[in-house]
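What follows is calculated from the coordinates using simple rules that are stated; it is not laboratory data. Remember, predicted model here, so these are calculated numbers, not experimental data. FYI the Cβ positions are ideal-geometry reconstructions off the backbone, even for glycines, and counts take in every protein chain you see.
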Amino acid sequence: MLLMLTTAGRIGAILELTWDRVDLSRRTIRLASNEIGPRKGRATVPINDTLIAALQSAKAAAMSDFVVEWGGRQVGSIKTGFNAAVKRAGIEHCTPHDLRRTAGRFMAEAGVTIDEIAQYLGHTNPSVTRSTYARFSPDHLRRAAGSLELGGVRLVHRTRGKTPKSS
């Protein structure tokens, strides 16, 4: 789950990920399996400090070319294990894709630009990213709120049939 959250990778990209696309010295992961790539965009993402130690341990214990493996074989699905972990954590509903959405939200809340989030998520069209994550940015609607500043403005009270008086 750490790999999914810190790379914001789609589940298919994570399950297909092989060690030849993980560069521990340069601290990058190429989620695309080839240069042409699948229909869904897959980015090359940096490995952060949280993930590097976990990957180093996993690499030392690896029994296959796959980063996510069980008994030396590629894992085809994480549904059973993921659902069990969600249940143990007491979470009512969570899917693997929710980790990807959480990553996008965390980036937006940290003030990462929409263009950077789009690139990290492998979105080809930043407008999709904007419509999904912009509302989580600390600066979202800040200019709109600023246009409603009332400093120095005086309210005018009106009553029926009387001349307005200032307050």
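Numbers at a glance
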{"quantity": "Computed [θ] at 222 nm, helices only, for the chain once each DSSP H run of length n ≥ 4 contributes -39500 (n - 2.57)", "calculated": "-11500 deg cm²/dmol"}
{"quantity": "Debye log10 I(q)/I(0) at q = 0.13, 0.21, 0.29 Å⁻¹ for the range 38-92, Cα point scatterers", "calculated": "-0.52, -1.09, -1.01"}
{"quantity": "Cα-projected label distance for Thr113 with Lys59, points at 7 Å along beta-carbon direction, nm", "calculated": "3.1 nm"}
{"quantity": "Along each principal axis, Cα extent of the chain, largest first, Å", "calculated": "87, 37, 30"}
{"quantity": "Kyte-Doolittle at least -1.0, axis length at least 18 Å by Cα - qualifying DSSP helices, the chain", "calculated": "49-61"}
{"quantity": "Dipole moment magnitude, nearest 20 debye, the chain about Cα centre, only Lys, Arg, Asp, Glu C-beta charged", "calculated": "1160 debye"}
{"quantity": "Stretchable slack from Ser33 to Arg160, in nm (0.36 nm times residue separation minus alpha-carbon distance)", "calculated": "38.4 nm"}
